[in-house]
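Here is the structure we will look at.
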Amino acid sequence: MAAIGQFDGYIWLNNTFIKSHDAKIHIAAHSLHYAGSVFEGIRIYNTKPFKQLDHYKRLCISAEAMGYSIQYSPEYLCDITNQLINMNQLQDGYIRPIAWRGGEDHHINGHNCTINIAIIAYNPFDLIHNRAHGLRLCIAKWRKAHQTSLPFYAKGSGLYMMSTIIQNEAIQSGFDDALVLDQEGFLTEATTSNFFFIKDNILYTPISDCFLNGITRQTVINEIAPSLNLKVIEGKFLVSFMHGAHAAFLTGTAAGIKEIASIHHEEDIFHFAIHQDILERIKSAYSQLVEA
Ligand code: PMP
């Protein structure tokens, strides 16, 4: 059960396959200092990476948002990933592609830095939100930056500073994770996953105008909900709008679809049913898709 830091198999670094303990990056790497890396997380189910082309397309978009380009096409990166899965003999697992500016120049714009890229594909998978009885969430005291402040659509390391702080604070307070509100107090997402709730047989989810429109979120909205004849409403919802909701869940590549048992906000506690009928159908439709 190796964690990513102890993984000792093959990785791909700047177009070469090497053993992970031979991979070195310079301590002066621009992105280490200025949070300029972009990355992805992809799940391998039964030797197959789920929606990997979508993830690599997003990686390229994230890099452009940081002012650099990935010098390999998404299709080429998919091919490399398939080779890595074979080389490391992975049945199930997780893929972590990452691109970053090297240490050639410390001017903040980083224009003279090389662009580096690596892919780690490892196993077994250590699920972050693996709670049989549903997650206990709080509402974070920090709020999302306004949509005009950051390229919120990019999966860039700089945007994860707040997620790290918020999840740490939630765990220290005895919760599994936290939901984050936007500047106006509307619900957005959790620290590393998108948020849905079910009320009167309708699926509600915050509109992704200041946070990552996750690939799992899009799968639920565009593939699963239509296949189950479920109406989806994307909108701006205050915490109080969750009164009367029957079930709630988080979506993300790493977490899959994770049930929420409760959300704690000031004096209010919202309790949700576990194994609720619609949610069970969504979960089983998702399992069928990833295992297909
Ligand atoms: N929001 C954030 C902040 C995330 O880190 C993730 C995980 N990538 C998601 C949402 C869910 O995105 P996806 O479904 O593409 O994994």
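Only the coordinates and a few stated rules stand behind these numbers; no lab work does. Please read all numbers here as calculations on a predicted model, not as lab measurements. Neighbour counts are summed over all protein chains in view; Cβ atoms, including those assigned to glycine, are modelled from backbone coordinates with ideal geometry.
Run the quick spin-label model on Asn222 and Asn168: label points 7 Å from Cα toward the beta carbon, then report their separation in nm to one decimal.
Taking the two extended label points, one gets 3.6 nm.
What percentage of all Cα-Cα pairs in region 1-60 are separated by more than 20 Å?
45
Write down the Kirkwood hydrodynamic radius of region 234-280, to one decimal in angstroms, obtained as one divided by the mean of 1/r over all alpha carbon pairs.
For region 234-280, the Kirkwood estimate is 11.8 Å.
For Lys144, Lys231, Lys57, what's the fewest-to-most ordering of other Cβ within 10 Å of each Cβ?
Lys231, Lys57, Lys144
Regarding region 69-214, what's the average projected area of the Cα-atom convex hull, expressed in nm²?
Spelled out: convex hull of the Cα atoms, projected over all directions, averaged, 12.4 nm².
Taking amide hydrogens as modeled 1.01 Å from N in the peptide plane, which residues meet the under 5 Å criterion relative to Lys48, leaving out close sequence neighbours?
none
For the chain, give the share of DSSP beta bridges that are antiparallel, in percent and rounded to the nearest 5; count only bridges with both residues there.
Around 75 percent antiparallel, to the nearest 5.
If I stretch the segment between Lys141 and Lys19 completely, what's the gain in nm (0.36 nm per residue apart, minus their alpha carbon distance), one decimal?
Taking Lys141 through Lys19 to full extension adds about 39.7 nm, to one decimal.
How long are the three semi-axes of the equivalent ellipsoid of the chain, in whole Å, if each is the root of 5 times an eigenvalue of the C-alpha gyration tensor, listed from largest down?
33, 23, 17
Between Glu75 and Gln276, with labels modelled 7 Å along Cα→Cβ, what's the label distance in nm to one decimal, could you check?
Taking the simple label geometry, Glu75 and Gln276 are separated by 4.3 nm.
Would you compute, from DSSP H runs of 4+ residues alone, the mean residue ellipticity of the chain at 222 nm, taking -39500 (n - 2.57) per run and dividing by the full residue count, rounded to the nearest 500?
One gets -7000 deg cm²/dmol as the mean residue ellipticity at 222 nm.
Where the eigenvalues come from the Cα gyration tensor of region 161-208, what are the semi-axes √(5λ) of the equivalent ellipsoid, largest first, in whole Å?
Equivalent ellipsoid semi-axes, largest first: 22, 13, 9 Å.
What would the Debye equation give as log₁₀ I(q)/I(0) for region 1-144 at q = 0.17, 0.21 Å⁻¹, counting only Cα atoms as equal point scatterers?
-1.01, -1.28
Distance check, please: which entries in Lys199/Lys236; Lys51/Lys283; Lys199/Lys283; Lys199/Lys231; Lys141/Lys199; Lys231/Lys283 exceed 21 angstrom between their Cα atoms?
Lys141/Lys199
Which FRET efficiency, nearest 0.05, do Asn229 and Asp209 yield, Cβ-Cβ r, R0 25 Å?
0.40
Just grab the label-to-label distance for Asn201 and Gln6, each label 7 Å out from Cα along the Cβ direction, in nm (one decimal).
5.0
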